[in-house]
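A short write-up of the structure that comes next.
Please treat every number below as a calculation from the coordinates, not as lab data. Owing to the predicted nature of the structure, the values given are computational and were not obtained by experimental measurement. When we count neighbours, we look across all protein chains shown, and the Cβ atoms used for this are built from the backbone with ideal geometry, even at glycine.
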Amino acid sequence: MSEAKTITLNELSENVGKRVQVRGWVHGIRGSNARQFLSLRESGKIIQVLAEKELLSEESFQEIKHLKQETSIEILGTLAKNEKSPIGYELVLESYKIVGHSENYPITPKEHGIDFLLSQRHLWLRSSKQLSILRVRNELSFQIRKYFYENQFTLIDTPILTGSIGESAGTLFSTKYFDLGDAYLAQTGQLYLETAIFAHSKVYCFGPTFRAEKSKTRRHLTEFWMFEAEVAFADHNQNLILQEDFVKTVVKATVAACRNDLKVLERDPEPLLAYMDRPFARIDYNHALEFLQSKGEDIVWGDDINAEREQMLTTEHGGPVFIEKYPREAKAFYMKVNPENPKTVLNADLIAPDGVGEIIGGSEREESYQNIVQRLKEENLPLESYEWYLELRKYGSVPHSGFGLGLERLIAWICGLQHVRECIPFPRMMERLYP
Ligand code: 4AD
C-alpha cells in the first residue's frame, strides 16, 4: 500500500480520481453477493466503500462481507465522486488490512433505551447523531470565541476551585482544601471576571461550572459549560443589546456551518433562523406575572417562573423573550437594585422558545460598597470570603454589567433536542458519574 497517499475524510475534494489509503472504523455494512457497501468512519465523517466481488479474491470478498461493526481497518482504493452519497464521494476498494478486531459491539442499528446508551457513552460517541451533535458543539464554541475575540473582549480564565460562593449556597460542591477549610467548585466565573474589567474593560471566560442541584429536569446538568461576559461602564440596556447581537450572530454562523449535521439530526433550521431576524421581546417580571395570572396560573409576586410558564411566555411572544427586573429576594446578591422600583433588580433572563427555556442569566452589577455589604449580610454570606471582591467597590468602582450563557442549552436549541444530556460528551447528572 506504500505508493498511495494516506488521507483523512477532510481531504476528499483534492483527491478525486486518485488511489488513496483511508484508515478508520467499520460503521456499518450491507450489500449483496455481488457487491458490499461498507460505511467507513474517520474524522467524524462517514464514506461509503464499494467492494466489488469481481475485483477481489473470493476469500477477501467473504471476509469483507463478514466484517464486524467497529473493526478498525486500512482501505486502499480509488476515490470517486458520488452525488448520491451524503458526503459526495465514495471509495472503490482495491485492498484492505484489518488493524483491530471488534466482536459483539453493544450498540447496534436497532433502537436502544436512553439509560443503556448513557451507560455506553464511551462508545455511543461513535454513532451518527452523536457525531453531529458534538460537531455542532465544536462549531458553536468556536463561533462564541470568535465573536468575543472580534469584538475586542479579553479572555480571562477564571478558577475552578474557589473560596467564595458565586451564586447560591444551596447548590455547592465542596471539598476539603488543605488547612484552609472548604473549597467550592465554581458555580460561575463572574466574580473573578468583575475583577478583570478594571484591567481590560471587556472580558469573558468559558469553562466548566458546577451546580449540586437536585434537579432531574431535561435542562439541568451538575457540570455544564458556561460562557460569561463582563463589560465596564455598560448598563442594563446595553447588556441586553450585547446579548441579543451575540446570540443572533453565533446561532446564524453555527447553522450556516452545520447544515449537514442538522439534516442528520432531522432539525429544520428555518424556524430558528426566523427568530434571529426579528427583535427579541422584552417584558418586565411584573408584566409576565400579570399575563400568567390572566391565564389562570396560580403565581404570586416573588415566585420564580418555572419551565411551563416560561414556555407560555415564549408562545405568547412568538419567539425568544427577555424577562427583566425580577424581585430582589429571588436573585443573587450582586445584582443592582432597580432605582425605579427598589423591590426589583436590573437583571434579565433570556428565555428560548421550543421548550428550551432560560439560556442566559445576566444583570447590571451593584456598584456601591454599602449596598453590596448589606446584600451579603441579608444572604448570610460570610463577609470575610468577599473581602477581595468588596475592594473592587473601593478602588474606582464603575457601573458594569454581564451575563452567562449555558452552552448545552444553546446546543439543544440549535439541534432541536429535548434534553441537554446529549449536548456534552460526558454528562454529569444526579444519578450519573460513569463513564
Ligand atoms: O442564571 P445563572 O445561574 O447565572 C450565573 O451564573 C451568572 N453568574 C452569570 C453571569 O451573569 N455572569 O446561569 C447562567 C446560565 C443559565 O441561563 C443556563 O443557561 C445555564 O447557565 N445553567 C445551566 N445549564 C445546565 N445545567 C444547569 N444546572 C444550569 N444552571 C445554569
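Using each residue's phi in the stretch 273-279, evaluate 6.51 cos²θ - 1.76 cosθ + 1.60 at θ = phi - 60° and report the 3J(HN,Hα) Karplus result to the nearest Hz, with x for Gly and Pro.
In residue order, the calculated couplings are 5, 4, 4, 6, 9, 10, x Hz.
Using the structure shown, select from 295/331; 176/216; 176/336; 45/129; 53/97; 252/336 the pairs with a Cα to Cα distance greater than 21 angstrom.
Values: 295/331 25 Å; 176/216 27 Å; 176/336 33 Å; 45/129 11 Å; 53/97 17 Å; 252/336 32 Å.
Where the Cα-Cα span goes over 21 Å, the pairs concerned are 295/331; 176/216; 176/336; 252/336.
How many angstrom lie between the C-alpha centres of the stretch 305-336 and the stretch 179-234?
Spelled out, the Cα-based centre of one part sits 20 Å from the other.
Please give the length that would be gained between residue 152 and residue 277 if that part of the chain were fully extended, namely 0.36 nm times their separation in residues minus their C-alpha to C-alpha distance (nm, one decimal). Could the numbers behind the result be given before it?
Details: separation 125, 0.36 × 125 = 45.00 nm, distance 2.46 nm.
Stretched out fully, the residue 152 to residue 277 stretch lengthens by 42.5 nm.
I need the calculated FRET efficiency for the pair residue 245 and residue 95, taking r as the beta carbon distance and R₀ as 60 Å, to the nearest 0.05. Walk me through the numbers on the way to the answer.
Numbers: r = 54 Å, r/R0 = 0.90.
Computed FRET efficiency for residue 245 and residue 95 comes out at 0.65.
Ratio of alpha-carbon Rg to the 2.2 N^0.38 Å globular estimate for the stretch 6-100, to two decimals, please. It would help to have the intermediate numbers written out before the result.
Values: Rg = 12.0 Å, N = 95, 2.2 N^0.38 = 12.4 Å.
So the Cα radius of gyration is 0.97 times the expected 2.2 N^0.38 Å.
For residue 281, list long-range residues whose amide hydrogen, built 1.01 Å from N in the peptide plane, is under 5 Å from its own amide hydrogen.
322
Rounded to whole Hz and in sequence order, give me ³J(HN,Hα) for the stretch 102-113 from the Karplus expression 6.51 cos²θ - 1.76 cosθ + 1.60, θ = phi - 60°, writing x for Gly and Pro.
Using θ = phi - 60°, the values come out as 9, 10, 6, 4, x, 9, 10, x, 6, 6, 10, x Hz.
Could you give the length gained on full extension between residue 369 and residue 426, defined as 0.36 nm per residue of separation minus the Cα-Cα distance, in nm? Don't skip to the answer; put the middle values down first.
On the way: separation 57, 0.36 × 57 = 20.52 nm, distance 4.11 nm.
The span from residue 369 to residue 426 would gain 16.4 nm if fully extended.
Report the relative contact order of the chain, percent, no decimals, based on alpha-carbon pairs under 8 angstrom and at least 6 residues apart.
On the way: 776 pairs, mean separation 58.4, N = 435.
About 13 percent, as a whole number.
Which residues' amide hydrogens lie under 5 Å from the amide hydrogen of residue 344, considering only partners 5 or more residues apart or on another chain, with H built in the peptide plane?
Those qualifying (amide H under 5 Å, at least 5 residues apart or on another chain) are 328, 338.
For the stretch 148-232, give me the percentage of DSSP beta bridges that are antiparallel, rounded to the nearest 5 percent.
Rounded to the nearest five, the antiparallel share is 90 percent.
What does the charge count near residue 19 come to, summing +1 for each Lys or Arg and -1 for each Asp or Glu among other residues with Cβ under 10 Å from its Cβ? Present the calculation step by step, with values, prior to reporting the outcome.
Working: positive: 5, 18; negative: 3, 94.
Every neighbour counted, the sum reads 0.
Convert each backbone phi in the stretch 250-263 into a coupling constant with the Karplus relation 6.51 cos²θ - 1.76 cosθ + 1.60 (shift: θ = phi - 60°), then list the ³J(HN,Hα) values in order as whole Hz, x for Gly and Pro.
3J(HN,Hα) across the stretch 250-263, in whole Hz: 6, 5, 4, 5, 5, 4, 4, 7, 10, 4, 5, 5, 5, 5.
For the chain, give me the percentage of DSSP beta bridges that are antiparallel, rounded to the nearest 5 percent.
Values: 71 of 82 bridges.
Roughly 85 percent of the DSSP beta bridges within the chain come out antiparallel.
Would you mind getting me the FRET efficiency between residue 169 and residue 252? Use the beta-carbon distance for r and R0 = 45 Å, nearest 0.05. Don't jump to the answer; show the numbers that get you there.
Details: r = 39 Å, r/R0 = 0.86.
Here the calculated transfer efficiency is 0.70.
What longest range of the chain stays clear of loop-exposed chymotrypsin sites (Phe, Trp or Tyr not before Pro) (DSSP non-H/G/I/E/B, at most 16 other C-beta within 10 angstrom)? Please report the intermediate quantities before stating the final value.
Numbers: sites that count: 173, 177, 178, 233, 301, 395.
Excluding the exposed sites themselves, the longest stretch runs over 1-172.
Nearest 5 is fine: what % of DSSP beta bridges in the stretch 6-100 come out antiparallel, could you say? Write out the running numbers ahead of the final one.
Working: 31 of 35 bridges.
Beta bridges within the stretch 6-100, antiparallel portion: roughly 90 percent.
Relative to a virtual label point 7 Å from the Cα of residue 293 in the Cα→beta-carbon direction, which members of the stretch 312-349 show backbone nitrogen distances below 15 Å?
The answer is 327, whose backbone nitrogens lie closer than 15 Å to the label point.
Extension gain residue 6-residue 105, at 0.36 nm per residue separation less the Cα-Cα distance, in nm? Mind dumping the intermediate values first?
Details: separation 99, 0.36 × 99 = 35.64 nm, distance 2.69 nm.
This chain segment gains 32.9 nm when fully extended.
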